[in-house]
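> Shown below is the structure under consideration.
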Amino acid sequence: MSDSIKYWIQCTIENTGFSRERQFEVSLPQSGRVVGTAFIEYLRNAESKPIQDDEPPYGTSTSGFVQCRLIKKSGDSYLVEFPSSDVFHVPPEALTSRA
């Protein structure tokens, strides 16, 4: 992801078969769901701390945050890009600038 304004959005995180990659799922009220993968550098746990190599245990999921990049403000929503390169409109209240 390029150097633009970065935000965080709440998600569910699951382990994958790769040690530094996780699957994330974001539920968006108007856009549906975003399911993608991201390196752990783009993820935070529910306490806003970086995801560790053993977190969450394989076969389980946990709440946390995934980083997204603001592309543009579009009326009453923001167009953001997730680390998986998916682009979605999200409501501004779903984003936080710190995680």
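> Please work out which residue is farthest from GLN10 (Cα to Cα), limiting yourself to segment 74-91 and to residues that are more than 14 Å from the chain's Cα centre (by Cα) and open to solvent by 50 Å² or more (accessible area, probe 1.4 Å).
GLY75
> When you go through (1) farther than 25 Å from GLU93 by Cβ; (2) buried (at least 17 other Cβ atoms within 10 Å of the Cβ); (3) not β-branched (Val, Ile, Thr) one by one for TYR42, which number turns out not to apply?
(1)
> Does TYR42 qualify as being among the aromatic types (Phe, Trp, Tyr) and closer than 17 Å to VAL87 by Cα? First the steps, then the outcome.
Values: among the aromatic types (Phe, Trp, Tyr): yes; closer than 17 Å to VAL87 by Cα: yes.
Against the criterion (among the aromatic types (Phe, Trp, Tyr) and closer than 17 Å to VAL87 by Cα), TYR42 qualifies.
> Sticking with this structure for a sec: Quick one: which of ILE13, ILE71, ILE9 is of a type in the set (A, V, I, L, M), open to solvent by 30 Å² or more (accessible area, probe 1.4 Å) and either modelled with pLDDT of 90 or more or not in a loop (DSSP other than H, G, I, E, B) (or both)?
On the way: ILE13 fails: open to solvent by 30 Å² or more (accessible area, probe 1.4 Å); ILE9 fails: open to solvent by 30 Å² or more (accessible area, probe 1.4 Å).
Answer to the check: ILE71.
> Continuing with this model, one more query. Exactly one condition in (1) of a type in the set (D, E, K, R); (2) open to solvent by 60 Å² or more (accessible area, probe 1.4 Å); (3) free of Cβ contacts under 8 Å to residues at least 60 places away in the same chain is false for ARG98; which is it?
Just one mismatch for ARG98, condition (3).
> What number of residues within segment 53-68 satisfy the criterion of being more than 19 Å from GLU25 (Cβ to Cβ) and either part of a strand (DSSP E or B) or at pLDDT 90 or above (or both)?
Step one: filter segment 53-68 for residues more than 19 Å from GLU25 (Cβ to Cβ), giving 53-54.
Going one step further and asking which of them are either part of a strand (DSSP E or B) or at pLDDT 90 or above (or both), we end up with none.
Number satisfying all stated conditions: 0.
> Take segment 28-39 and flag every residue that is in contact (Cβ under 8 Å) with a residue 12 or more places away in the chain, within 23 Å of PRO91 (Cβ to Cβ) and part of a strand (DSSP E or B). Don't jump to the end; show me each part of the working.
Step one: filter segment 28-39 for residues in contact (Cβ under 8 Å) with a residue 12 or more places away in the chain, giving 28-31, 34-39.
Checking which are within 23 Å of PRO91 (Cβ to Cβ) leaves us with 28-31, 34-36, 38.
Residues satisfying the conditions are LEU28, VAL34, VAL35, GLY36, ALA38.
> Name the residues in segment 74-97 that are over 25 Å from ILE40 (Cβ atoms), out of contact with any Pro (no Cβ under 9 Å at 6 or more places or on another chain) and in a loop (DSSP other than H, G, I, E, B), would you?
Residue satisfying the conditions is GLY75 alone.
> Which one is farthest from ARG44 (Cα to Cα), of the residues in segment 56-68 that are more than 11 Å from the chain's Cα centre (by Cα) and open to solvent by 60 Å² or more (accessible area, probe 1.4 Å)? Lay out the reasoning, then the answer.
Step one: list which residues in segment 56-68 are more than 11 Å from the chain's Cα centre (by Cα), which gives 56-62.
With the extra rule that they be open to solvent by 60 Å² or more (accessible area, probe 1.4 Å), the set shrinks to 57-61.
Working: PRO57: 15, TYR58: 17, GLY59: 18, THR60: 16, SER61: 13 Å.
Within segment 56-68, the match that is farthest from ARG44 (Cα to Cα) is GLY59.
> Here's a follow-up. List pairs: first in segment 41-56 and at negative phi and without any contact (Cβ under 8 Å) to a residue 24 or more places away in the chain, second open to solvent by 50 Å² or more (accessible area, probe 1.4 Å) and small (Gly, Ala, Ser), Cβ under 8 Å, 6+ apart or cross-chain?
ALA46/SER63
The values are calculated or read from the model by the stated rules, or taken from the named source; none is laboratory data. The structure presented is a predicted model; accordingly, all values stated were derived computationally and were not measured. Here Cβ is always computed from backbone atoms with ideal geometry, including for glycine, and neighbour counts include all displayed protein chains. Note: accessible area is taken over every heavy atom of the protein model, side chains too, but ligands, DNA and RNA are not part of it. Shrake-Rupley method; radii C 1.70, N 1.55, O 1.52, S 1.80 Å.
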